[in-house]
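Everything below concerns the one structure shown next.
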Amino acid sequence: MATILERAYIGTSLLSLLLAYLFLRCIPAGFLLRCFGVCVLVLLVLQLRVYYLYYYGPGAVQLAAKQGAMKAPSVDRATGNSTARQTSETRAHRRNKGTTSAASPKLVQDCIASSVADSADTLVTPLSQVAFRSPRLRAAKSILTLLNLVAVTFVVDFAFVPYFFRPATDLVLLRTGALYPDGARLVLRAPQVAYIELWTAALPEADGVPLMTLYDRVLDPHAANNGAGNDDLDLTWALAANTTTSASDLSDHVTQIHLRGLTSDTPYVVRALRHFANRTAAETNRVVFRTAPAAPGDGSATASGVQFDFATGSCIKPNFPYVPLATSQIPGLRSVAQHPLAFMLFLGDFIYADVPHYFGSSVEDYRRLYRQVYADPDARAFVERVPTYHMYDDHEVVNNWHQGTHAPMGSALAAYQLYHGRGNPDPPSPGAFAGGLRGFATAFVSELRTLAQRALTAWQGAAGPTTPPADPARPVDKTGGDHRSAADADAPLSATSLPATYYAFDHGDVGFFVMDTRRYRSPNHQPDTVNKTMLGAEQKRELLDWLSAVNHTRAFKFIASSVPLASNWVLGDGPVDTWGGYLTERAEILRVVQTVPNVIFLSGDRHEAAVVRLGLPETVEAYRSMGRRQASTAVDDDPADADHRSHAAKADDDEDEELAAGVGHHDHDDHAAHQDLHATAVALYDAASIDERPIDFSTSPVNQFYFPLIQAFSMSTELDDAIYYRRVDNIKYAIFRVDTRSNPQQPTATYQLFTNEHDGRRPVYNFTVYGRPWQKV
């Protein structure tokens, strides 16, 4: 029967292996890492206990003496009998010979002493002679010990090796950020160079050649030409920028370059040449992009509308689920890169500063995490092909961040601005979207402040020491990092001096507003009243002014939030960290949204995919009654499609994590059913009976964990009704196919959900939003 030591060792070993598996393959949570560390320490103590008892414990000396006194029995060659047997027989003969009717006192004492000695030998048998004495138990212990050593190696490799041994300080990066009709913003990191040249070339779009094939040929000309090293395309390269110096160490060698003078809606390739002090040169990775179509009012390019695809998603943790010795660690980004996208809108949690362990609050601690993500080969393939607009969320700072500009927000935002903020469009100037007298007054005051600041700077320059004029080709550092000394480069920063991170941009006749839901929010657990805010007064005013400005000038208005607008996450931190904890302010925004046609919300954060209709207290019941009437009509018209259009109906009885309802849904691979539902959707729209509540499309993670057993999502709440929900898969991202050209008065935006299934080549779910007429007649 197993002893306590055996049970403790085996039980702790199995528990540590389970924790290691959960940590490496399910959820890389800090508490799992700490629990695993405790188990490893317990195993070490138990192992030392076994070692001590075996060699130094009670009974070890008696055992050694007893084993030394016991000699191997020899055989008498003459008789063939064992000498031990002869000796025992001789002793027995002597005892029998000396036996009397009354035992002698000496004989009695000898017998008692022998009995006591035998009992003592039994009592002082060390615990190690009982623990793992069985061959099977010893084999089990050896196997468990080996498995735990492997588990410790894997955990250390995942959790600590990147921090101590992979700082990626030699990262060379060129990526595309914001797109404009006449150019694009590039973010470049090139350490230890003398100067950098950027060359651009327009790509000829040949008939019958897919755009992705064209991109592959210019991104890797060596592979396309069997190693010849020359582009097989007739490209005309033009020098677009020449920076005489690279960015300083204080800005981690990151600089921004705004390319101008390009043609709208045209594909380009950009290459950067790094020139070193020894007169050698090396090329960075190339990037490809298509410039944005001109917005309405900027020209006639979008008079007939636009057609383009863009992706959304959030949450990246390299090499999760953990794969030993993996060289490419972000398959989610590799999956996104295989699609021909105009751009991606990344909705936050690009890094995880506190997962699995928070290593520090300095700027360098945060910058290192960005470098490590971009150093991955999968990320390189992604940035070469996909221009990216970014926003940040809590894990770029600390989980569930709601403490405003307090530390470490300053350091986190400084690193974010270096790698992501510089590539985004500039934040709107105060009153940029306001109309009428208030907008004019705000813009006028802002301009006066700018002129006054310039005059003050000029006066100070005339009165004091002069500084050399700025090189026009040198990018401007907007993070405020250049004024810091080298000694303070890694010190925590204040977030109050950093620029706003919310912004708006256009892609043809489609508008986007990207919110900042962390920097200005009230504490999560503050009571939900009119004083509780997620956006802050200024950002909310800019959002509402933007909605007014694009009301009849943009076919679709996409509003991006790092956390879901939906209140359907009812467990854990869902009710307080999402807009479910800020319903008063949400209602204020939705009341404006219901007067603006074709508003769509985009969100991430929850590591799940959900499509949810957002309701207001005064209108939710009316829409639900309409939905019940639509469902009953659908049952009468076509019973086979009733389950697809009934609210909260199961999409698959065997998959309780996937629920679907509403117009536009189709089963995973049933394209015929999709066509039927498409026709039904058009009929419902024409009958003016469609549910016009705004929809929140929440999609994540791009490459992270999902909750394997816990479902924190409710299909229906007091205000919101889910159309679709999916919990499983470590890779989930969305691609929106926007079409304002086929029918300008009824634009469409088709949501496509891609996951691990089909290697991301085919969507597992589609939902089409049919827009309302949006232009003034």
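The values are calculated or read from the model by the stated rules, or taken from the named source; none is laboratory data. Keep in mind that what you see is a predicted model, and the values were worked out from it rather than measured. We place every Cβ from the backbone using ideal geometry, glycine too, and count neighbours over all the protein chains shown.
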Of all residues in segment 597-628, which are surrounded by 18 or more Cβ atoms within 10 Å (Cβ to Cβ) and either without any contact (Cβ under 8 Å) to a residue 24 or more places away in the chain or among the β-branched types (V, I, T) (or both)?
V599, I600, V611, V612, V620
Could you please find all residues in segment 508-546 being touching a Phe, Trp or Tyr at 6+ places or on another chain (Cβ under 8 Å) and among the hydrophobic types (A, V, I, L, M, F, W, C)?
V510, F512, F513, V514, M515, M534, L535, L543, W546
From the list T169, T176, pick out the single residue that is polar (S, T, N, Q), farther than 30 Å from L17 by Cα, touching a residue at least 12 places away in the same chain (Cβ under 8 Å) and not in a strand (DSSP E or B).
T169
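Residues are listed down the side, and each one gets a yes or a no for (1) at pLDDT 90 or above; (2) among the aliphatic types (A, V, I, L, M); (3) in a loop (DSSP other than H, G, I, E, B):
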{"residue": "D207", "(1), (2), (3)": "no, no, yes"}
{"residue": "L233", "(1), (2), (3)": "no, yes, yes"}
{"residue": "L262", "(1), (2), (3)": "yes, yes, yes"}
{"residue": "Y268", "(1), (2), (3)": "yes, no, no"}
{"residue": "A277", "(1), (2), (3)": "no, yes, yes"}
{"residue": "N285", "(1), (2), (3)": "yes, no, yes"}
{"residue": "G297", "(1), (2), (3)": "no, no, yes"}
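Looking only at residues in segment 22-31 that are in contact (Cβ under 8 Å) with a residue 60 or more places away in the chain and assigned to a helix (DSSP H, G or I), which one is surrounded by the most Cβ atoms within 10 Å (Cβ to Cβ)? If you could, list the steps in order and put the result at the bottom.
Residues of segment 22-31 that are in contact (Cβ under 8 Å) with a residue 60 or more places away in the chain, as a first pass: 23-30.
When the remaining residues are screened for being assigned to a helix (DSSP H, G or I), the result is 23-26, 30.
Details: F23: 26, L24: 24, R25: 15, C26: 17, G30: 15.
Applying the filter and picking the extreme gives F23.
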Would you be able to tell me the number of residues in segment 548-579 that are of a type outside the set (D, E), surrounded by fewer than 21 Cβ atoms within 10 Å (Cβ to Cβ) and at negative phi?
9
Selection from segment 327-351 of residues that are touching a Cys at 6+ places or on another chain (Cβ under 9 Å) and more than 16 Å from I731 (Cβ to Cβ):
G348
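Pull up segment 758-777, narrow it to residues that are of a type outside the set (D, E) and part of a helix (DSSP H, G or I), then point me to the one that is farthest from H339 (Cα to Cα). Step through it out loud before you land on a result.
Initially, segment 758-777 is screened for residues of a type outside the set (D, E), giving 758, 760-777.
Filter once more, so that each one left must be part of a helix (DSSP H, G or I): 758, 760.
Numbers: H758: 13, G760: 9 Å.
Restricting to residues being of a type outside the set (D, E) and part of a helix (DSSP H, G or I), the top hit is H758.
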Expected output for segment 208-222 (first residue within 13 Å of N285 (Cβ to Cβ), partner acidic (D, E) and part of a helix (DSSP H, G or I), Cβ below 6 Å, 6+ apart or cross-chain) is L219/E384
Those residues that are at pLDDT 95 or above and among the small types (G, A, S), I need them from segment 14-29; list them, please.
S16, A20
Quick one: in segment 703-740, of everything that is assigned to a strand (DSSP E or B) and among the acidic types (D, E), which residue is nearest to K557 (Cα to Cα)?
D739
Of the conditions (1) crowded, with 23+ Cβ neighbours inside 10 Å; (2) of a type outside the set (F, W, Y); (3) over 16 Å from H607 (Cβ atoms), S716 fails just one. Which one is it?
(1)
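Looking at segment 490-532, which of its residues are outside any loop (DSSP other than H, G, I, E, B), modelled with pLDDT under 95 and under 24 Å from the mean Cα position of the chain (by Cα)?
Kept after step one, since they are outside any loop (DSSP other than H, G, I, E, B), are these residues of segment 490-532: 495-497, 503-507, 510-514.
Cutting the leftovers down to modelled with pLDDT under 95 gives us 495-497.
A495 - this is the single residue of segment 490-532 that is outside any loop (DSSP other than H, G, I, E, B), modelled with pLDDT under 95 and under 24 Å from the mean Cα position of the chain (by Cα).
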Out of the residues in segment 741-777 meeting the condition of being under 18 Å from P293 (Cβ atoms) and either in contact with a Phe, Trp or Tyr (Cβ under 7 Å, 6 or more places away or on another chain) or among the basic types (K, R) (or both), tell me which one is surrounded by the most Cβ atoms within 10 Å (Cβ to Cβ).
P747
